[in-house]
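A short write-up of the structure that comes next.
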Amino acid sequence: MNQGGQFNIPQQPSGGAYWLSWVDAQGVRRSVQIRGSILIGRSAQCNLSFPQDSTMSQQHARISIGAQGVDIQDMNSTNGVIVNQHRVRSAWLRPGDSIQMGRQTFHLMMSPAPARPAAPQSYAGAPQQARIMGNPAVDRPQINQLPPNLPSQPLGVGGALSAEAASLQSLFTWWWVLLLVAVLSCIPLFIGLLFPLAALLLIPFVFVISMLSATAFGVISYILLYKFWSVVQDGYAPTTPGNAVGFCFIPFYNLYWIFIAFGILLPTMAACLERKGIRGSIPNPQIGMVFCILTLCTPLLILVPFLGLVPAVAAVVCYFLLYTSCKNAAMLILQN
């Protein structure tokens, strides 16, 4: 038995060589070649078995190579199959695609097709024989490292950004620009307080710009929040992306919920990075909690002249640091 999964691989049909790559519980990247089709699940009867993953169904999904390409079929699993952050019942796969089943995140990879051997063989050495549920002995190769000519990282890592990562990067750029516009639009308002005559000319125009930028900024902020929670859905996340965003709009309950949606987001991402064996640190993971406390304090102190500005400015700074750290962590997860 291999701690990264048990293997029972069917014969490979003619055609290209496709591989599944994943990081096991010890942080070691492993891969297995897809030969015709491969059944993945918790059951020992699966070609690729993860018996210790309680979030994976007995027969979770089947990946098959056909004349038209590689496809994946959900075998009525409990927690579903997520391809590139989207839950699917069936889908065509391409090299570089991310596939999540239970706590495992796989990447589909492709390498030049090796010459077909006369008999099944293991990349780690001679074939090992085993019996499963009384079936005839089957080849169970124990793969400890990537075979020759196969990249050590999924496609997109260290190169061009994946579609999900590029979308996240673009959204974050717009978020940053709109935050800057919203902050700069406050400057004429303070000038208007000092010069009332100028205020008559500036305030109407600035108010329109400020409201438009603030509305767009709020929409993108919640889209980013949804995406941040989407990348950590590996079976351990304390909430779903929909709940993280939706519960923020429930009056009074949202005073508590912001500590979930924003407060524990960075620690959840840090834990996800650790589980996936991805190297990378998150500075100040408690910045989300600080942001939540400052957000609640600002309305209480706003009636005190100038004193209310202190937590308000501090909250904006924490908000920027929080989203920047979340974006960096999400990019690490998406690219691995």
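Give the stretch 242-299 a look and list any residue that's part of a helix (DSSP H, G or I) and β-branched (V, I, T), or say none. Result: V245, I258, I260, T268, I287, V290, I293, T295, T298.
So, G242, is that one modelled with pLDDT of 85 or more and either small (G, A, S) or on the phi > 0 side of the Ramachandran plot (or both) or not? Taking the combined requirement at face value, the residue satisfies it.
Residues that are out of contact with any strand residue (DSSP E or B) (no Cβ under 6 Å at 6 or more places or on another chain) and open to solvent by less than 10 Å² (accessible area, probe 1.4 Å): find the strands (runs of 3 or more DSSP E) completely inside the stretch 17-61 holding 1 or more of those.
Counting at least 1 such residues, we get 37-41.
The one condition from (1) within 30 Å of V83 (Cα to Cα); (2) buried (at least 19 other Cβ atoms within 10 Å of the Cβ); (3) at pLDDT below 90; (4) hydrophobic (A, V, I, L, M, F, W, C) that A315 does not meet is (1). Within the stretch 68-95, if we keep just the residues that are in a loop (DSSP other than H, G, I, E, B) and open to solvent by less than 20 Å² (accessible area, probe 1.4 Å), the residue that is nearest to A237 (Cα to Cα) turns out to be G80.
Among the conditions (1) of a type in the set (V, I, T); (2) touching a Cys at 6+ places or on another chain (Cβ under 7 Å); (3) open to solvent by 40 Å² or more (accessible area, probe 1.4 Å), V232 misses just one, which is (3). Going by what's in this entry, would S64 be described as part of a loop (DSSP other than H, G, I, E, B), at pLDDT 85 or above and of a type outside the set (F, W, Y)? So S64 fails the test. Applying the criterion of being among the small types (G, A, S) and over 13 Å from the mean Cα position of the chain (by Cα) to the residues of the stretch 249-272, the residue that is nearest to V231 (Cα to Cα) is A261.
The values are calculated or read from the model by the stated rules, or taken from the named source; none is laboratory data. Because the structure is a prediction, the values reported are computed rather than measured. Heads up, the Cβs are rebuilt from the backbone with ideal geometry, glycines too, and the neighbour counts pull from every protein chain shown. For accessibility, only protein heavy atoms count, side chains too; no ligands or nucleic acids. Shrake-Rupley method; radii C 1.70, N 1.55, O 1.52, S 1.80 Å.
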